[in-house]
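The structure under discussion appears below in the form of C-alpha cells.
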Amino acid sequence: MASLCITMLVAGCGLKVPAGYRPSQSAAPSASLIEIAINDREGPIEISGPGLNGGDVTMQELPGIVIVNAWASWCPPCREEWPIFVEIQNEFPDVNLLGLNEADDKGAAAEYLSSQEGSWPHISDPNQAIAAKADVVQGSYLPGTIILDQQHRVAAKFIGPVNKEDLTRILNQLDAE
C-alpha cells in the first residue's frame with residue numbers, strides 16, 4: 001500500500017518513476033552512515049563514464065576529496081538532499097562533487113539540473129552499472145552517496161539521504177588527514 005501511495009504521489013508531481021525500479025517498501029534499506037577508518041580503507045576506486053551533458057567524466061578531473069552522489073530527477077529524497085550539496089560546494093570549495101544520474105531520462109535529468117543551483121559534473125548511468133560497481137547504492141534504492149578521501153579511497157557511505165551535520169564532520173576529518 002505504501003508503495004502505491006508513493007508511486008501515486010510521485011506520478012502526481014509529474015515525475016515518472018521507471019517501472020520496477022524500486023522493490024516493495026518493506027524491502028527498503030534503513031538510512032544509515034558507514035564510516036571507514038583510514039587504516040581499513042581499500043585501494044582507490046575509479047569512476048568514469050559518459051557525461052550527462054556530453055563527453056566523458058573521469059576521476060582524474062577530480063583531485064582530492066570527492067563526494068559521489070547517485071540521484072535521479074524522479075527521486076523525492078534526491079531532490080530533498082540537493083540543497084545540502086549546494087551548501088557543501090559553497091562551504092568546501094576544494095571538495096569535488098560527482099553526480100551519478102541513475103535510471104533516468106536524459107532530458108528530464110538535464111531539465112532538473114538546469115532548474116537547480118550548484119554546478120558539478122554528472123555521469124549518465126541508465127542501467128546503474130557504474131553505481132553498482134562503485135557500491136554507491138544499496139540495491140536499487142536512491143539516493144546513495146560515497147565520500148572518497150584524497151587518495152580516492154572510500155572513507156564513508158550514506159545509504160539513503162545525506163545529512164549536513166555528518167557530511168560536514170566527515171569532510172573536516174578528511175581535510176585534516
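None of the figures in this text is laboratory data; all of them are computed from the coordinates on show. On a predicted model such as this, the values are computed, not experimentally measured, just so you know. In this analysis, Cβ positions are derived from the backbone assuming ideal geometry, glycine residues included, and neighbour counts consider all displayed protein chains.
Starting with the highest mean, order 164-174, 128-138, 37-47 by the number of other Cβ atoms within 10 Å, averaged over the residues of each peptide.
128-138, 164-174, 37-47
Using alpha carbons only, how many angstrom separate the centre of the stretch 126-152 from the centre of the stretch 34-87?
That distance is 7 Å.
Multiply the residue gap between GLN116 and ALA176 by 0.36 nm, knock off their C-alpha separation, and tell me the result in nm, one decimal place.
Working it through step by step, the gained length comes to 18.5 nm.
Neighbour counts of other C-beta atoms within 10 Å: give me GLU177, GLU87 arranged from fewest to most.
Ordered by Cβ neighbours within 10 Å, fewest first: GLU177, GLU87.
Using 0.36 nm per residue of separation minus the Cα-Cα distance, give me the extension gain between SER32 and THR58 in nm, one decimal.
Computed gain between SER32 and THR58 is 6.6 nm.
By counting other Cβ atoms within 10 Å of each Cβ, how are ILE65, ILE146 ranked from fewest to most?
So the residues, fewest neighbours to most, are ILE65, ILE146.
Would you tally the net charge around ASP175, using a Cβ to Cβ cut-off of less than 12 Å, leaving ASP175 out, and scoring K and R as +1, D and E as -1?
Net of charged neighbours comes to -3.
Which percentage, to the nearest 5, of the DSSP beta bridges contained in the stretch 32-176 is antiparallel?
65 percent
If you wrap a convex hull around the Cα atoms of the stretch 55-145, how much volume per residue is inside, in Å³?
Given the Cα convex hull of the stretch 55-145, per-residue volume reads 96 Å³.
All other residues with a Cβ under 14 Å from the Cβ of VAL57 taken together, and with Lys, Arg as +1 and Asp, Glu as -1, what is their net charge?
Once positives and negatives cancel, what remains is -4.
Could you tally the net charge around THR145, taking each other residue with its Cβ under 10 Å from the Cβ of THR145, Lys/Arg +1 and Asp/Glu -1?
Local net charge: 0.
Between ALA129 and ASN39, what is the spin-label point distance in nm, taking each point 7 Å from the Cα along the Cα→C-beta axis?
Reported label-point gap for ALA129 and ASN39 is 3.9 nm.
Find the Cα radius of gyration of the stretch 121-161, compare it with 2.2 N^0.38 Å by division, and give the number to two decimals.
The reported ratio for this selection is 1.15.
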